[in-house]
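First comes the structure, then the notes that go with it.
The values are calculated or read from the model by the stated rules, or taken from the named source; none is laboratory data. Keep in mind that this is a model prediction, so the values were computed, not measured. As a convention, Cβ positions derive from the backbone with ideal geometry for all residues, glycine included, and neighbour counts pool all protein chains shown. Remember, those area values only see protein heavy atoms, side chains included, never the ligands or the DNA or RNA. Shrake-Rupley method; radii C 1.70, N 1.55, O 1.52, S 1.80 Å.
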Amino acid sequence: MSLRMRLAALTLLGSLCAPGLPAGAAGGAIQQQGTLPHGGTYILYRDTAIASAAIDLWFRAPGAGYDNAKPGLARVAAIAAAAARLESGKSLAETIRTAGGTLSVNVYPDLVGVSALVPATAARRVIASMTAAYFAPAIDDASVKTAVRDTAVLSVQQHYSAVQSLHNALFAQIFSGGPAHVAPIPGTLTQVAGITQSDVKAFATRAFAASNATLTIVGDVAPSSLDAVTTGTPGPSSEPIDSALAKPLPAPTSLPGGVSGIGLAWVGPPIRDEKAATAMDFIADYLFRYRTGTLAKVIDASGDTYVTGQFITLHDPGVMIVTVGGANVQVAKTQVIDAIAKLERPLDDATFAAARNAFLYHLAADTQTPTGQSDNLGWYAAEGNAAYAPGDTGGAYRARALSLDPAYVASIVKQFLGRPVVVQLVANAKESS
C-alpha cells in the first residue's frame, strides 16, 4: 500500500495530448487518463455523487536533493511553492483555505505529494492554482522562511515519534545509499537551517516540472476543468527512483532516540511483482491492521504496548516495516517474529477465506474517500505501475487479491520474511521526561 495511507502522521492548458479512453467504474464513476502538455500524466476519476474533490500532484524527486546532500530540501521546496504568492495575489495555501478546503504536503525519500481536498465547485480554480504553484513556482525569501520554520517544527515532532523515527532508522539500515538512506525530514535543526533560497529554487525548477508530474483528481470534476492547468515550462522527466540495498543486510543495532521502541523490517518484492506485493499487503493486514489484525488485537489488548505494520509498495524493492512500542517491547518483538514464522505454514481454508474477505473489505474502505482514492492512484503511478493501484477501474489489484491462496501466501513468507533488520531506539531518560 502507499505510505501515506497506512503510516504517515503527517494541471492542463489547451487541449490534452493523447487522452486515455474512459473506463467504467462502480456507481457510474468514470476514470480517464492522458498526458500533460509538457509531459507528465493525469488521472481523472469522476464520480458525480461526490460533492468534494481530491486534487493531488505527485513528483518523482529525491528528498535530500539531487546530490543527496541536503536533508529536507524537497520538503522545504514543496512547502515554499505552496506558500509563495501567485499572479492572483494569493498563494496556493490561501486559495485552498478560502475555498474551505485542506492542503497537505507529504515528502518521502523518492516522492513529493501535494494534496488538496476541496468542494467540487472549487476544483477548477484549485487545479489552476496548484499547477501554477508547482509548474511555474514563484518562490521568494518569505516563502522559504515559512517552509524552513514548518520543516523545523516537524523535525522536532518527528524526534518524539517512535513510528517515524524507527521508519527512518530502518530505511537507513536497509539502504546503504541513495534517497532512501536519508530521512525526508532532517533529524537536526542545523540541517534545516542550512537550506538556502537558491537551493530551493534550483531544486523546484527541476523536480516540479510538468514533465515530472502525475496529477490525480477524484470527485465530481468535469474533464473540462483540466483546461485550467498551468502549462509551465518544459523540463526533464524521471524514472522511478531506487536506492542501493545494503549487502549484506546489517545486524541488529541500537540507536539513541527521543523515545524508545523496536522496529523490524524486511526487503520485499518490487511493484512489478503484483501478486507477491499483494500477498505482502495481505500479510500486513491480517497480522497488524489497527484494531482488526490478529496480532495487533493481542498486543494492543493490554493498553500499554502497541504494534503497527505495513508493506510499503515501492518501485524496487518494497519494504515490510513493523514497529512496537510501550511497556513490553521485547515481548512484543518476539510475538511479531513468532506470528510471521507461523505463517510459513498455510492457513486452513476457512481461516484464509475469512482473512481474504476482510482484506478486500479493508481495501474498499481505504479507497472509498476521494483523498484515499487519489492518494493510491498517484502513489502507484509515481512508483511505476499505475494500473495496479487499488481502486483503479481496471481492477488489477483486486484480481491479484482474489488470486491469493494459503500455499502461495506461505511461500511469500518463506521467500521474503526470514531474518529481519532490527533497530532498537533507546530514549535518554532525562530528555524523554
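Points to keep in mind about this one:
- There is no residue in segment 237-257 that is assigned to a helix (DSSP H, G or I) and closer than 28 Å to residue 30 by Cα.
- Test: residue 391 is in a loop (DSSP other than H, G, I, E, B), small (Gly, Ala, Ser), touching a strand residue (DSSP E or B) at 6+ places or on another chain (Cβ under 9 Å) and crowded, with 19+ Cβ neighbours inside 10 Å: yes
- When 155, 143, 161 are checked against the criterion of being of a type in the set (Ser, Thr, Tyr) and more than 22 Å from the chain's Cα centre (by Cα), 143 stands alone in meeting it.
- Any chance residue 77 is open to solvent by less than 10 Å² (accessible area, probe 1.4 Å), under 16 Å from residue 205 (Cβ atoms) and within 19 Å of the chain's Cα centre (by Cα): yes
- Qualifying residues in segment 301-330 (those that are farther than 25 Å from residue 246 by Cβ and either at pLDDT 95 or above or small (Gly, Ala, Ser) (or both)) - the one least open to solvent (accessible area, probe 1.4 Å): 326
- Test: residue in segment 340-352 that is assigned to a loop (DSSP other than H, G, I, E, B), open to solvent by 50 Å² or more (accessible area, probe 1.4 Å) and closer than 28 Å to residue 181 by Cα: no
- Residue 157 vs. criteria more than 25 Å from residue 52 (Cα to Cα), touching a Lys or Arg at 6+ places or on another chain (Cβ under 9 Å) and not in a loop (DSSP other than H, G, I, E, B): no
- Leading residue by the ranking (farthest from residue 117 (Cα to Cα)) among those in segment 52-61 that are open to solvent by less than 10 Å² (accessible area, probe 1.4 Å) and not β-branched (Val, Ile, Thr): 61
- Looking only at segment 165-220, and only at residues there that are hydroxyl-bearing (Ser, Thr, Tyr), under 22 Å from residue 257 (Cβ atoms) and over 18 Å from the mean Cα position of the chain (by Cα), the one that is surrounded by the most Cβ atoms within 10 Å (Cβ to Cβ): 176
- Of the candidates 234, 240, the single residue that is surrounded by fewer than 23 Cβ atoms within 10 Å (Cβ to Cβ) and over 20 Å from the mean Cα position of the chain (by Cα) is 234.
- Only a single item in (1) of a type in the set (S, T, N, Q); (2) open to solvent by 60 Å² or more (accessible area, probe 1.4 Å); (3) touching a strand residue (DSSP E or B) at 6+ places or on another chain (Cβ under 7 Å) is not met by residue 371, and it is number (2).
- Selection status of residue 66, of a type in the set (Ser, Thr, Tyr), open to solvent by 10 Å² or more (accessible area, probe 1.4 Å) and either in contact with a His (Cβ under 8 Å, 6 or more places away or on another chain) or under 16 Å from residue 111 (Cα atoms) (or both): yes
Listed here are the residues, each with its yes/no results for (1) under 30 Å from residue 183 (Cβ atoms); (2) open to solvent by 10 Å² or more (accessible area, probe 1.4 Å).
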{"residue": "94", "(1), (2)": "yes, yes"}
{"residue": "104", "(1), (2)": "yes, yes"}
{"residue": "109", "(1), (2)": "yes, yes"}
{"residue": "113", "(1), (2)": "yes, no"}
{"residue": "127", "(1), (2)": "no, no"}
{"residue": "133", "(1), (2)": "yes, no"}
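- Only one of the numbered conditions (1) under 24 Å from the mean Cα position of the chain (by Cα); (2) open to solvent by 20 Å² or more (accessible area, probe 1.4 Å) is not met by residue 383, and that is (2).
- A residue that is aliphatic (A, V, I, L, M), out of contact with any Phe, Trp or Tyr (no Cβ under 6 Å at 6 or more places or on another chain) and open to solvent by 10 Å² or more (accessible area, probe 1.4 Å) occurs somewhere in segment 250-258.
- Residue check for residue 114: part of a helix (DSSP H, G or I) and not charged (D, E, K, R): no
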